[in-house]
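Heads up: the structure comes next, in structure tokens.
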Amino acid sequence: MNFEKTVESIFSKDSRYKPDAYEFVAAALHFSQKKLKRHGHILGKELLEGLKEFAIEQFGPMAKTVLNHWGIHRTEDVGNIVFNLIENKFFFRTETDSLDDFKNVYDFESAFSGILEGMGRSNPPSTEPAGKKDKKILQKPPIG
């Protein structure tokens, strides 16, 4: 069974999470594996940290809003998505993996707040005076 059909099947029985949420969690898994330089299994906490970073990278300050729209409000929701995919044999688990691995790992409000401030730190401040910079924006384009 392919991924889309797997998600359709899951969604027909459990509509708590939109299909995009499943696609995003799968993409976050691949992102996390690449970041950790690992193929195959990673821990729930590693997936959650990767998911947080991936969401911020993909959606910036809208990350929490997008995740919430898909039904993901807490780290436990990610665990439920993962275990739905495990039950449908799309993801695999080890004997020690548990839904508890996803409980209260971080608070979404805290994890996704202050993103704008963090994004601004990587941009060097402009050396141009504010007035001069503003004039460039307001100038009309040349005609002809």
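Here, each number is a calculation from the coordinates, and none is a lab measurement. Remember, predicted model here, so these are calculated numbers, not experimental data. Heads up, the Cβs are rebuilt from the backbone with ideal geometry, glycines too, and the neighbour counts pull from every protein chain shown.
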Under the Karplus relation with 6.51, -1.76 and 1.60 and θ = phi - 60°, whole-Hz ³J(HN,Hα) for the stretch 40-57, x at Gly and Pro, equal x, 5, 10, 6, x, 5, 5, 5, 5, 5, x, 4, 4, 5, 5, 4, 5, 5
Quick one: Cα centre-to-centre distance for the stretch 51-119 and the stretch 30-47, in angstrom?
14 Å
Cut-off 14 Å, label point 7 angstrom out along Cα-to-Cβ of Glu87: give me the residues of the stretch 1-45 whose amide nitrogen falls inside.
7-17
Separation of the Asp20 and Glu57 label points, Cα + 7 Å toward Cβ, nm
2.0 nm
Calculate the spin-label point distance for Asp100 paired with Ser12, positioning each point 7 Å from the Cα along the beta-carbon direction, and give it in nanometres.
3.5 nm
